[in-house]
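Below: the structure, in structure tokens.
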Amino acid sequence: MKMKEGRAYTVDCADSEESGSSCPDDSSNMTTNSEGKCPLKRACASDDEDQRPLKVPRTSSPPSGRDSLAVETTNETTVISTSHSPLRFPDPEPVAGCSKDFVADVSCPNNLKETKDNGVRYETSSADGQPGTQDVEEDSNLPVELMNLSDDVMLIIMSNLKPTDLLNLSSCCQRLSQVASDWSLWTDVDFRPHRLLEGQLERFLPFFSDTTERIATRGFVASKPSPRWRTECLSTELLSSFASEGPELRSFTAEEHCIDANKVKISAFPSTLEYLSLKGCEIINLPTESSYFTSSYRHLPHLKVLVLSDCTWLPAHSIMALSKQPHLEELHLDGCFLIKDCIAYASLAFNLGFPKLKILDLRRTGVSDSELSCLNRSNRLTHLYLEYPSSFGAINPNDEPGGPRACHFPGIISDQGLRSLVVSDKPHVLYNNAQFGISSEEIHVMAPVRDRVSLCKLHTLVARNYSLVTDATLNELHFAQSLRHLDLKGTRITRRGAEVFRSSRPDVTLVTSYDDDFT
């Protein structure tokens with residue numbers, strides 16, 4: 001039976017006078033009023049005590065009268081329920097020392113008293129046999145307040161808030177400060193919706209812990225040509241604080257920041273990083289005799305992913321410094337248009353470096369057929385992304401597809417470049433001259449087209465907007481057995497060539513400019 005504050009439930013004991021029985025004198029549990037009613041009052045208990053339903057001993061027969069008791073016996077307990085017409089219950093008189101939530105006035109039929117040892121459960125029901133819904137309706141109308149919620153519910157709500165909102169909540173009260181400081185809210189911290197200065201970022205340092213794994217910030221470079229774009233938000237001291245407060249930091253994203261190379265060197269970034277993004281950053285005062293990433297393999301020995309998208313300051317010779325990263329698996333150089341005419345650096349880098357590189361993004365750069373011919377030295381690449389930069393203008397229509405002059409123009413990729421990337425043209429030994437008593441060197445001949453094999457293990461190849469790429473590329477890519485996704489949108493491949501390739505390589509997803517015509 002649910003006891004409602006401010007009400008006392010009274011049930012007349014119809015057979016108490018006829019049987020001549022009286023309620024036992026138990027001052028600790030029972031009191032008798034002047035009207036012959038025996039109100040039952042629960043023993044005093046604190047609010048956190050076990051609040052079990054009211055228990056009464058089993059009676060031999062239910063009382064008669066307007067209100068009756070129904071007795072239901074089970075294996076362990078006896079359930080007593082009352083059916084009555086709607087009644088108005090008087091407010092109970094306060095009892096000193098008792099909790100106000102556990103006071104009930106009921107008549108006492110046949111030595112009815114409260115006990116904690118017997119197996120009787122007391123229940124009430126209305127005249128129609130349904131439980132009363134007054135209490136439920138009143139509870140549903142109670143206002144929902146933030147401070148009435150549990151900590152677990154608060155954490156679910158706060159997980160959808162920005163770090164700045166969590167900082168504001170933590171200054172409201174002690175409880176909100178404790179919940180807002182929970183480690184689960186500061187595992188992945190993203191400040192990029194706002195541009196924060198160095199002093200503002202320092203206010204979040206107390207929330208970082210050894211569970212903080214990812215931090216992302218954003219600077220003011222996008223506000224060019226306003227002078228504010230040169231605002232420095234990252235300093236050596238702040239990066240050192242990130243490393244000390246978050247010793248397990250694995251990912252750091254610094255987008256659109258202006259970084260002074262004389263003040264913030266590559267060694268200032270946390271050495272625990274596996275992911276580093278400098279997308280859209282401007283680095284000023286670059287060293288003239290070396291790369292900004294010189295010795296980066298010593299300061300960032302665990303680096304696996306490096307994002308340098310839209311870093312227009314990145315020179316071509318930086319490829320040599322990046323190739324020394326022992327664990328680098330993913331390199332994004334899209335938008336770095338200074339990466340051109342770098343055949344010497346690319347040849348050395350892919351011959352001697354990049355031991356674990358699998359994903360290479362060279363979209364909107366100045367690489368041409370010459371640089372692609374160096375990539376076939378590495379048989380570890382699985383994803384390669386190429387796209388002609390629109391800033392270079394249209395390709396000269398006088399250049400024939402696959403012509404010899406194409407490789408001399410930056411940003412120009414033709415059938416010849418993709419052919420050298422995917423298919424091996426290495427001569428095969430046809431005869432061993434020693435078999436014929438000839439002491440000269442072995443005779444080498446070019447392998448037939450049907451016998452050529454793919455050097456690269458490319459799974460995905462994207463080469464968009466190159467007007468010198470034709471159906472001849474599809475004929476060569478037919479031999480790339482590991483290829484599963486091919487994007488040649490914006491090239492000069494024909495509809496017939498695409499259909500033939502799809503029929504011969506149904507395991508490859510081919511994306512062309514004709515796909516929109518079929519949808």
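The values are calculated or read from the model by the stated rules, or taken from the named source; none is laboratory data. Not measured: the values here are computed from a predicted model. Please note: Cβ atoms are built from the backbone with ideal geometry, for glycine as well, and neighbour counts cover all protein chains shown. SASA here: full protein model, heavy atoms, side chains in, ligands and nucleic acids out. Shrake-Rupley method; radii C 1.70, N 1.55, O 1.52, S 1.80 Å.
Overview of values
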{"item": "Of all accessible heavy-atom area on segment 187-265, the percent that carbon and sulfur account for (1.4 Å)", "result": "46"}
{"item": "Where trypsin sites (Lys or Arg not before Pro) fall in DSSP loop in segment 233-283, at most 13 other Cβ within 10 Å", "result": "Lys263"}
{"item": "Trypsin sites (Lys or Arg not before Pro) restricted to segment 190-243 and DSSP loop, no more than 13 other C-beta within 10 Å", "result": "Arg203"}
{"item": "19 Å cut-off, amide nitrogen to a point 7 angstrom out along Lys162 Cα→Cβ, residues in segment 180-200", "result": "180-181, 185-200"}
{"item": "Computed label-point distance, nm, for sites Met147 and Ser295 using a 7 Å Cα→Cβ extension", "result": "5.6"}
{"item": "Segment Thr494-Ser209, extension gain: residue separation times 0.36 nm, minus the distance between their alpha carbons", "result": "96.9 nm"}
{"item": "Magnitude of the charge dipole, segment 222-333, Cβ model with Lys/Arg +1 and Asp/Glu -1, debye to 20", "result": "180"}
{"item": "Accessible area per residue in Å² at 1.4 Å probe, computed on segment 302-356", "result": "39"}
{"item": "Additional length obtainable on full extension of the chain from Arg250 to Leu348, 0.36 nm per residue less Cα span", "result": "32.3 nm"}
{"item": "Tensor-based shape of segment 304-380 (alpha-carbon gyration tensor, a/c under 1.5 rounded, otherwise prolate or oblate)", "result": "oblate"}
{"item": "Point-to-point label distance, His459-Ser390, nm (Cα→Cβ direction, 7 Å offset)", "result": "3.1"}
{"item": "Relative counts (whole %) of C-alpha pair distances in segment 215-322, using bins that are 10 Å wide", "result": "14, 50, 32, 4"}
{"item": "Per residue value of the accessible surface for segment 155-243 (all protein chains in place, 1.4 Å probe), Å²", "result": "53"}
{"item": "Under 13 Å, Cβ to Cβ, from Thr272 - net charge with Lys/Arg +1 and Asp/Glu -1", "result": "-2"}
{"item": "Separation in nanometres of the label points that stand 7 Å from Cα toward Cβ, at Ser177 and Asp507", "result": "6.3"}
{"item": "Chain lengthening between Glu274 and Asp341 when straightened (0.36 nm per residue, less Cα-Cα)", "result": "21.1 nm"}
